[in-house]
Amino acid sequence: MLVIYMILKRIRHIHNTGQFFKTTMNTPMDKDFTKLSLIYGLNGFGKSTLSEIIRSLKEKNGALIASKRSIPEKGDSSIKLSFAQDFTNSNREVFIEYTATGWSGTVDNLEIFDCKFISENVYSDFEITHEHKKKISALILGDAGVLIAKDI
(Lines give C-alpha, C1' and ligand atoms only; values in the text may rest on other atoms or scores of the structure.)
Protein backbone atom coordinates (compact mmCIF):
# COMPACT_ATOMS: atom_id res chain seq x y z
CA MET A 1 0.00 0.00 0.00
CA LEU A 2 1.41 3.37 -1.01
CA VAL A 3 0.53 6.33 1.19
CA ILE A 4 1.49 9.77 -0.09
CA TYR A 5 1.22 12.56 2.42
CA MET A 6 0.18 15.87 0.96
CA ILE A 7 1.01 19.16 2.62
CA LEU A 8 -1.01 22.35 2.23
CA LYS A 9 1.38 24.68 0.41
CA ARG A 10 -0.74 27.67 -0.45
CA ILE A 11 -4.25 29.07 -0.59
CA ARG A 12 -4.62 30.20 -4.21
CA HIS A 13 -7.99 31.84 -3.78
CA ILE A 14 -11.12 31.89 -1.66
CA HIS A 15 -14.18 33.62 -3.08
CA ASN A 16 -17.55 34.21 -1.41
CA THR A 17 -16.78 32.18 1.71
CA GLY A 18 -17.08 33.79 5.13
CA GLN A 19 -14.96 36.94 5.36
CA PHE A 20 -13.16 36.00 2.15
CA PHE A 21 -15.02 37.83 -0.59
CA LYS A 22 -12.29 37.80 -3.26
CA THR A 23 -8.99 36.62 -1.83
CA THR A 24 -6.48 35.81 -4.56
CA MET A 25 -2.76 35.72 -5.19
CA ASN A 26 -0.79 38.93 -4.68
CA THR A 27 -2.46 39.51 -1.34
CA PRO A 28 -1.26 38.78 2.20
CA MET A 29 -2.44 35.19 1.58
CA ASP A 30 0.06 34.85 -1.26
CA LYS A 31 2.52 33.08 1.03
CA ASP A 32 3.60 29.47 1.13
CA PHE A 33 2.89 27.61 4.32
CA THR A 34 5.94 26.23 6.09
CA LYS A 35 6.34 23.12 8.20
CA LEU A 36 4.97 25.15 11.10
CA SER A 37 2.67 28.01 10.13
CA LEU A 38 0.75 30.10 12.62
CA ILE A 39 -2.53 31.71 11.62
CA TYR A 40 -3.71 34.43 13.96
CA GLY A 41 -6.09 37.33 13.86
CA LEU A 42 -8.91 39.13 15.59
CA ASN A 43 -12.29 37.51 16.07
CA GLY A 44 -14.32 37.53 12.88
CA PHE A 45 -11.34 37.64 10.50
CA GLY A 46 -11.65 34.11 9.07
CA LYS A 47 -9.63 31.67 11.19
CA SER A 48 -12.62 29.40 11.80
CA THR A 49 -13.61 29.68 8.14
CA LEU A 50 -10.17 28.37 7.15
CA SER A 51 -10.65 25.44 9.56
CA GLU A 52 -14.07 24.71 8.06
CA ILE A 53 -12.63 24.78 4.54
CA ILE A 54 -10.03 22.17 5.47
CA ARG A 55 -12.65 20.14 7.40
CA SER A 56 -14.93 20.26 4.34
CA LEU A 57 -12.14 18.82 2.20
CA LYS A 58 -11.29 16.18 4.79
CA GLU A 59 -14.90 15.05 5.23
CA LYS A 60 -15.84 15.61 1.55
CA ASN A 61 -18.70 17.72 2.86
CA GLY A 62 -19.56 20.72 0.69
CA ALA A 63 -22.35 21.73 3.07
CA LEU A 64 -19.72 23.08 5.48
CA ILE A 65 -18.65 25.63 2.87
CA ALA A 66 -22.20 26.33 1.70
CA SER A 67 -23.04 27.32 5.29
CA LYS A 68 -20.20 29.88 5.20
CA ARG A 69 -21.24 31.63 1.96
CA SER A 70 -20.44 35.34 2.18
CA ILE A 71 -23.24 37.80 2.70
CA PRO A 72 -24.23 39.92 0.78
CA GLU A 73 -22.02 38.60 -2.05
CA LYS A 74 -23.81 37.02 -4.95
CA GLY A 75 -22.54 33.85 -6.54
CA ASP A 76 -21.25 30.53 -5.34
CA SER A 77 -18.24 29.92 -3.16
CA SER A 78 -15.04 28.87 -4.90
CA ILE A 79 -11.76 27.82 -3.35
CA LYS A 80 -8.44 26.71 -4.80
CA LEU A 81 -5.81 25.09 -2.60
CA SER A 82 -2.31 23.98 -3.52
CA PHE A 83 -0.85 20.81 -2.02
CA ALA A 84 2.63 19.33 -2.39
CA GLN A 85 4.46 16.22 -1.26
CA ASP A 86 7.06 18.29 0.59
CA PHE A 87 7.87 21.89 1.42
CA THR A 88 10.98 22.06 -0.76
CA ASN A 89 9.61 21.10 -4.17
CA SER A 90 6.81 23.40 -5.33
CA ASN A 91 7.04 21.99 -8.86
CA ARG A 92 5.00 18.99 -7.79
CA GLU A 93 1.96 20.89 -6.65
CA VAL A 94 -1.52 19.43 -6.86
CA PHE A 95 -4.44 21.84 -7.05
CA ILE A 96 -7.74 20.94 -5.46
CA GLU A 97 -10.69 23.21 -6.07
CA TYR A 98 -14.11 23.66 -4.58
CA THR A 99 -16.96 24.84 -6.78
CA ALA A 100 -20.74 24.57 -6.63
CA THR A 101 -20.40 20.92 -7.66
CA GLY A 102 -18.05 20.05 -4.77
CA TRP A 103 -14.35 19.29 -4.38
CA SER A 104 -12.29 18.33 -7.44
CA GLY A 105 -10.17 15.87 -5.45
CA THR A 106 -9.36 14.52 -2.02
CA VAL A 107 -6.45 14.58 0.39
CA ASP A 108 -5.98 11.83 2.93
CA ASN A 109 -4.50 12.26 6.38
CA LEU A 110 -5.74 15.78 7.05
CA GLU A 111 -6.03 16.78 10.69
CA ILE A 112 -7.49 19.98 12.07
CA PHE A 113 -6.64 21.00 15.62
CA ASP A 114 -9.12 23.77 16.36
CA CYS A 115 -11.88 24.60 18.84
CA LYS A 116 -14.10 21.86 17.42
CA PHE A 117 -11.33 19.27 17.91
CA ILE A 118 -10.83 20.43 21.50
CA SER A 119 -14.56 20.40 22.19
CA GLU A 120 -14.92 16.84 20.88
CA ASN A 121 -11.74 15.36 22.35
CA VAL A 122 -10.55 17.32 25.37
CA TYR A 123 -12.45 18.15 28.54
CA SER A 124 -12.09 21.77 29.53
CA ASP A 125 -13.96 23.97 31.93
CA PHE A 126 -15.64 25.94 29.13
CA GLU A 127 -18.76 23.85 29.39
CA ILE A 128 -19.91 21.54 32.13
CA THR A 129 -22.42 18.96 30.99
CA HIS A 130 -24.25 16.36 33.06
CA GLU A 131 -21.57 13.80 32.10
CA HIS A 132 -18.87 16.17 33.32
CA LYS A 133 -20.70 16.65 36.63
CA LYS A 134 -20.88 12.88 37.18
CA LYS A 135 -17.09 12.68 36.83
CA ILE A 136 -16.13 15.94 38.51
CA SER A 137 -14.73 14.26 41.64
CA ALA A 138 -12.87 11.56 39.73
CA LEU A 139 -9.60 13.43 40.22
CA ILE A 140 -8.74 13.94 43.87
CA LEU A 141 -5.33 15.26 44.94
CA GLY A 142 -3.68 14.63 48.31
CA ASP A 143 -4.56 12.57 51.37
CA ALA A 144 -6.90 15.22 52.76
CA GLY A 145 -8.80 15.32 49.45
CA VAL A 146 -9.19 11.54 49.43
CA LEU A 147 -10.65 11.60 52.96
CA ILE A 148 -13.12 14.33 52.01
CA ALA A 149 -14.13 12.43 48.86
CA LYS A 150 -14.80 9.27 50.94
CA ASP A 151 -17.02 11.30 53.31
CA ILE A 152 -18.99 12.72 50.39
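Using a simple spin-label model with pseudo-atoms 7 Å out from Cα toward Cβ, Arg69 and Val146 lie 6.1 nm apart.
The calculated FRET efficiency for Ile118 paired with Tyr40, based on their beta-carbon distance and R0 = 22 Å, is about 0.85. Across Ser78, Ser37, the residue with the most accessible area heads the list, and the full order at a 1.4 Å probe is Ser37, Ser78.
In the assembled protein chains, Thr101 presents an accessible area of approximately 130 Å² (probe radius 1.4 Å).
May I ask which of Lys47/Lys68; Lys9/Lys31; Lys31/Lys116; Lys35/Lys60; Lys22/Lys80; Lys31/Lys80 have a Cα-Cα span longer than 20 Å here? The pairs that break the limit, which is 20 Å between Cα atoms, are Lys31/Lys116; Lys35/Lys60. When Arg92, Arg12, Arg69 are compared by accessible area at a 1.4 angstrom probe, the order from most to least is Arg92, Arg69, Arg12.
The values are calculated or read from the model by the stated rules, or taken from the named source; none is laboratory data. All of these numbers come straight from a predicted model, not from anything done at the bench. Positions of Cβ are backbone-derived with ideal geometry, glycine not excepted, and every protein chain shown enters the neighbour counts. The accessibility values were calculated without ligands, DNA or RNA, using every heavy atom of the protein model including side chains. Shrake-Rupley method; radii C 1.70, N 1.55, O 1.52, S 1.80 Å.
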